[in-house]
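The values are calculated or read from the model by the stated rules, or taken from the named source; none is laboratory data. On a predicted model such as this, the values are computed, not experimentally measured, just so you know. Methodologically, a virtual Cβ is constructed for each residue, glycine included, from the backbone with ideal geometry; neighbour enumeration extends over all protein chains shown. The protein model used for the area step is the full one, side chains on, heavy atoms only, and it has no ligands, DNA or RNA in it. Shrake-Rupley method; radii C 1.70, N 1.55, O 1.52, S 1.80 Å.
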Amino acid sequence: MPLLTLENISLAFGMQPLLDHASLIIEPGERVCLLGRNGEGKSTLLKIIAGDVTPDGGVVRLDSGAKLAVLPQMLPTDDTRTAYDVVSGAFPETGELLARFHHLSHQADEASLDEMMKVQERLEALDGWRLDQKVTAILQQYRIDPDQTLNTLSGGWQRRVLLAKALVAEPDILLLDEPTNHLDVPAIAWLEDALAQFRGAIVFVSHDRAFIRRMASRVVELDRGHLVSFAASYDKYLELKEKALEEEERQNALFDKRLKQEEAWIRQGIKARRTRNMGRVRALRAMREERRQRRERVGTASFSVEDASRSGKLVVDASHAGFRYPDGREVIRDLTLTILRGDKIGLVGENGTGKTTLVRLLLGDLEPTEGHIRLGTNRQVAYFDQLRGELDLERNALDNLSEGREFIEINGQQKHVLGYLQEFLFSPERARSPVRVFSGGERARLLLAKLFSKPANILVLDEPTNDLDVETLELLEERLVDFAGTVIVISHDREFLDNIATDTLFLDGSGQVREYVGGYSDWRRQGGRFPTELESSTPGESGSGKGASPRAASAPESGKATASVVATEKKPAKLSYKHKRELEQLPGQIEALESQLESLNGQVSAPDFYQQGTEAVNAVLKELADTEASLEQAMERWMELEEMQGGG
């Protein structure tokens with residue numbers, strides 16, 4: 001028997017319905033991933049299931065006696081409750097008594113003791129101590145301090161507390177809205193393991209592709225108001241979805257062709273109109289109405305990065321740099337690192353290990369307290385903030401971006417602000433809406449629009465993947481890979497790091513920063529592990545030194561460790577598929593650059609070259625310098641990959 005049934009659910013907030021007679025059945029034990037574009041209504045659908053939103057029409061039927069729990073997408077703001085209060089709140093009446101008893105137990109006056117006795121009697125009557133054990137056990141399991149208040153916790157730890165609340169009641173259906181947002185990779189891995197052991201059904205919204213691949217047994221897509229189910233893995237869904245879109249386009253093209261023919265027929269001469277078939281006329285009217293009602297699929301975002309003039313070849317050079325806060329806490333220790341123009345750097349580490357501090361050091365916002373950091377020349381930085389702090393929630397998208405301008409310049413071309421926002425899938429009506437009503441994904445897209453409207457040769461992205469739909473995420477990956485400047489990314493999205501990072505910096509929490517060639521999977525293949533994983537491994541594994549094959553971003557502590565690092569450096573990492581494909585393409589790119597360089601040198605060597613106007617001469621000389629730099633960079637990368645392949 002189904003745990004949950006949705007029948008013909010309809011809901012509309014504007015001209016187009018979010019849900020248009022949508023139906024869904026959830027069976028016990030299923031892991032259903034709900035996918036769809038930002039703004040399609042995925043979070044709203046979860047709220048309908050949870051009973052927080054009433055649909056305009058249709059029926060929501062939950063199996064008798066079934067329990068449902070929710071992990072919300074938005075984190076609480078300025079919540080002064082303790083972690084114990086929040087988690088015990090999963091049991092309404094008993095939770096309030098448990099929270100009261102927990103607070104009274106920290107007081108020693110006589111009045112508190114008297115009240116404790118009354119609360120204790122009531123708890124015993126409600127079997128409250130059994131629930132107290134469950135709350136205490138899950139807090140210990142999550143390594144959460146029960147007396148820590150929510151407003152003093154980071155976003156990741158707040159998410160843990162809310163997860164504990166969702167799971168402690170042992171629900172039959174668990175609703176998760178972007179559960180991996182603000183979690184670091186070890187917490188995501190733990191969450192995956194915990195959910196794998198959960199025996200109830202799960203309905204979750206996520207754009208973390210690695211998480212979806214691990215968790216989903218079925219994919220349901222919310223597309224233009226309808227729910228379409230794919231009883232398949234995520235990768236199979238992608239294949240089936242592509243075929244479905246191709247078939248939809250073919251059917252629409254056939255329909256439009258027939259409609260065009262009927263429109264031509266109805267416009268024939270007077271004689272034809274007198275003898276026309278009225279049944280055919282009615283059919284044409286029906287076709288016109290069907291075409292009018294058709295909801296076209298929203299286009300794909302089509303943004304590009306506004307390139308600034310090139311930075312110097314050297315972006316950052318750090319030598320034995322460190323940073324301590326005034327209270328003496330050491331965050332970064334003995335950092336030796338070189339970042340060159342064009343590097344794509346991914347930062348990996350648990351929450352609180354100092355990733356943001358490291359970025360601020362690399363940008364020059366913080367001065368090292370020991371050692372030194374040399375910054376390159378002609379640096380223009382654009383920063384993407386995971387907290388969306390650069391957006392004014394009371395202003396609309398247009399005002400947030402334009403800052404009083406009607407046109408903005410992107411790569412030398414003037415674009416109207418509304419037209420530019422449409423490239424990020426904001427209709428003119430939506431662009432004039434206040435940002436406070438935007439979904440998390442819409443806010444992320446607006447911040448990307450703002451970020452990419454400014455010239456930059458260094459992009460710093462702090463958790464850019466949170467809330468972005470998969471298609472926008474894949475486009476962002478393409479743009480970052482093609483970006484000629486330097487990219488520094490803090491992310492817990494494993495697939496995103498695999499797809500863009502040429503190097504990974506790992507912060508282990510002790511202050512050390514280690515550098516690895518490649519993305520997240522390359523780091524794992526080279527033995528990379530988080531401290532929490534090493535703590536749970538066997539003594540032989542934790543002491544093996546496995547994974548110490550960094551490119552020496554920080555100096556080891558002992559001579560023995562130094563020898564180990566040097567030995568591993570001599571054995572290059574095996575090529576990933578991405579690197580192999582890059583290596584295959586490089587010879588053709590180098591050959592093309594060499595031909596271009598030969599042609600440009602021929603122009604410069606011509607006797608009449610400098611008889612041209614100054615602008616024409618400078619343009620050719622600049623192109624010559626750029627081509628030489630590109631050829632040098634391509635040759636360096638080819639040699640690096642060849643060396644890696646030889647070592648593999």
Legend entry - Antiparallel DSSP beta bridges within region 139-231, as percent of all bridges there, nearest 5: 50
Inset, instruction - Express the accessible area of region 420-526 per residue in Å², computed with a 1.4 Å probe while the remaining protein chains stay in the model. - result: 26
Inset, instruction - Determine the sum of side-chain charges near P2: Lys and Arg each +1, Asp and Glu each -1, restricted to other residues whose C-beta is under 14 angstrom from that of P2. - result: -3
Inset, instruction - Give the cross-link partners of K313 among the aspartates and glutamates, using a straight C-alpha distance below 19 Å as the criterion and excluding same-chain residues fewer than 8 apart. - result: D343, D482, D503, E623, D626, E628, E632, E636, E640
Legend entry - Euclidean distance of C-alpha centroids, region 67-102 and region 198-247, integer Å: 31
Inset, instruction - Please identify every one of the chymotrypsin sites (Phe, Trp or Tyr not before Pro) in region 32-138 that sits in a loop by DSSP and has no more than 12 other beta carbons within 10 Å of its own beta carbon. - result: none
Legend entry - Relative frequency of Cα-Cα separations exceeding 14 Å in region 34-123, percent: 76
Inset, instruction - DSSP loop (so not H, G, I, E, B), at most 16 other Cβ within 10 Å: list which trypsin sites (Lys or Arg not before Pro) in region 98-157 pass both filters. - result: R143
Legend entry - Sites T80 and L393 - FRET efficiency at Förster radius 25 Å, r taken between beta-carbons, to 0.05: 0.65
Inset, instruction - Give me the distance in nm between label points sitting 7 Å out from Cα along the Cα-to-Cβ direction at F13 and T149, one decimal. - result: 3.2
Inset, instruction - Lys and Arg at +1, Asp and Glu at -1: add these up for the other residues within a Cβ distance under 11 Å of E582 and post the number. - result: +2
